[in-house]
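Asks: I'd like to ask some things about the structure below.
The values are calculated or read from the model by the stated rules, or taken from the named source; none is laboratory data. No experiment lies behind these values; they were computed from the predicted model shown. Backbone-built Cβ (ideal geometry, glycine too); neighbour counts: all protein chains shown.
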Amino acid sequence: MNLAELDLKALLVFDAVISERSTTKAGYRLSMSQPAVSSALNRLRHALKDELFIRGGDGMRPTPRALELAAPIRQALTQLREALNPMEFIPESAVRTFTFAMADHAAALILPPLAERLEKLAPQIDIRIKPNTNINAPELLDAGEIDFAIGLFLNPPERLCVASLIQDEYVCAMRRSHPLVHKPLDLDRYLRAKHLLISLSGEPTGFVDLLLESQGLQRRVAMTVNQFSIVPRILRQSNLIVTVVRRAITLSPYASELMMKPVPLAIQPSALSLLWHKRLSHHSANEWMRLQLLEICSEISDEAKAKMKQGFRP
């Protein structure tokens, strides 16, 4: 492969098309006309001697060769952007987009104060959110598709950095007319209940099921969902119960219609964490955003502690 046959614009077009699966959307993303996108793509096809993309009913389908090239090209473009970006980051005048992967519970907790802070400190910074399954985060960070992931990460790879943001205890929640409301929630009643499981990946088992399995026990998961926000609405209209972090209930407008009880299992508190790639650890923009997130979560934790001292259970 003769590198002199390649040009940067063709690589940018390749990266945009494999993300958007459309030359029209890629052109919009790059502020290029559709013919210009097609021309750049044809130059790359000629240089690489591969069709790269084949038009199908669901858009531009990448060939096996294109799939092999996707991650290395994106990483190379990311490193080039970082090398050319100014080292000094000035929030007041910075024009930049940060992309996060997070679930709706983390978004509800962090994005409102982050939006308020950005309006005051960095009004030209934009935020984009992608789904986080707690499994796909390392790949998204490696590919440069996101700047940060926020979620529950156990043993992240060494190439990634992690910082604790917020801790929260697990509770068992149900509607106030549930048959278990006026009974002690012991392990036997817990196992015989119908459970709602929040599974960001769609798997029908979670960490509670693994814990029970280690003790030779099993519960019935009657329903799974991949969003936290829908959980209170499901609980208030059914006899399902859920094991979830306390704030997932208290942040809901339906919180007053639900009852929370201690979980009859030994479960460590949840630790919401921030994940980023080591290659960006000393990047000034990345450092600035990490500081904002840590300060926001510190304020959230301090507010919760203050409410608890006043007799309010957050």
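Asks: Among the residues in the range 272-280, are any out of contact with any Asp or Glu (no Cβ under 8 Å at 6 or more places or on another chain), of a type in the set (Ser, Thr, Tyr), part of a strand (DSSP E or B) and farther than 19 Å from Asn136 by Cβ?
Replies: No.
Asks: Among the residues of the range 281-294, how many are farther than 21 Å from Ser93 by Cα and either part of a helix (DSSP H, G or I) or modelled with pLDDT of 90 or more (or both)?
Replies: Total meeting the criteria: 1.
Asks: Another question, then. Between a first residue in the range 279-300 that is among the hydrophobic types (A, V, I, L, M, F, W, C) and a second residue that is assigned to a loop (DSSP other than H, G, I, E, B), which pairs have beta carbons less than 8 Å apart while being 6 or more apart in sequence or on different chains?
Replies: Leu280/Asp147; Ala285/Asn85; Ala285/Phe89; Ala285/Ala94; Trp288/Phe89; Trp288/Pro91; Met289/Asp147
Asks: Same structure, new question: Please give the number of the condition Phe98 fails out of (1) farther than 30 Å from Asp302 by Cα; (2) at pLDDT 90 or above; (3) out of contact with any Ser or Thr (no Cβ under 9 Å at 6 or more places or on another chain); (4) surrounded by 14 or more Cβ atoms within 10 Å (Cβ to Cβ).
Replies: Tallying (1) farther than 30 Å from Asp302 by Cα; (2) at pLDDT 90 or above; (3) out of contact with any Ser or Thr (no Cβ under 9 Å at 6 or more places or on another chain); (4) surrounded by 14 or more Cβ atoms within 10 Å (Cβ to Cβ), Phe98 fails exactly one: (1).
Asks: Now a separate question. Of the residues in the range 295-314, how many are in contact with a helix residue (DSSP H, G or I) (Cβ under 6 Å, 6 or more places away or on another chain) and at pLDDT below 85?
Replies: 1
Asks: Next question, about the same structure. Quick one: would you say Ala26 is in contact (Cβ under 8 Å) with a residue 12 or more places away in the chain and hydrophobic (A, V, I, L, M, F, W, C)?
Replies: Spelling it out, Ala26 is indeed in contact (Cβ under 8 Å) with a residue 12 or more places away in the chain and hydrophobic (A, V, I, L, M, F, W, C).
Each row is one residue, and each column tells you yes or no for (1) out of contact with any Asp or Glu (no Cβ under 7 Å at 6 or more places or on another chain); (2) exposed (fewer than 14 other Cβ atoms within 10 Å of the Cβ); (3) within 30 Å of Glu119 (Cα to Cα).
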{"position": "Ser22", "(1), (2), (3)": "yes, no, no"}
{"position": "Arg29", "(1), (2), (3)": "no, no, yes"}
{"position": "Ser38", "(1), (2), (3)": "yes, no, no"}
{"position": "Asn42", "(1), (2), (3)": "yes, yes, no"}
{"position": "Asp50", "(1), (2), (3)": "yes, no, no"}
{"position": "Pro64", "(1), (2), (3)": "yes, yes, no"}
{"position": "Leu77", "(1), (2), (3)": "no, no, yes"}
{"position": "Pro91", "(1), (2), (3)": "yes, no, yes"}
{"position": "Ala94", "(1), (2), (3)": "yes, no, yes"}
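Asks: Oh, and also: Of a type outside the set (A, V, I, L, M) and farther than 22 Å from Arg246 by Cβ, is that true of Asp188?
Replies: yes
Asks: Confirm whether Thr250 is under 23 Å from Ile135 (Cα atoms) and not acidic (Asp, Glu).
Replies: For Thr250, the condition - under 23 Å from Ile135 (Cα atoms) and not acidic (Asp, Glu) - is not met.
Asks: Sort out which residues of the range 153-168 are free of Cβ contacts under 8 Å to residues at least 60 places away in the same chain and under 15 Å from the mean Cα position of the chain (by Cα), and write them in order of number.
Replies: Across the range 153-168, the qualifying residue is only Leu154.
Asks: Continuing with the same structure: Can you name the number of the only condition in (1) at pLDDT 90 or above; (2) under 25 Å from the mean Cα position of the chain (by Cα) that Gln75 fails?
Replies: Going through (1) at pLDDT 90 or above; (2) under 25 Å from the mean Cα position of the chain (by Cα) one by one, Gln75 breaks only (1).
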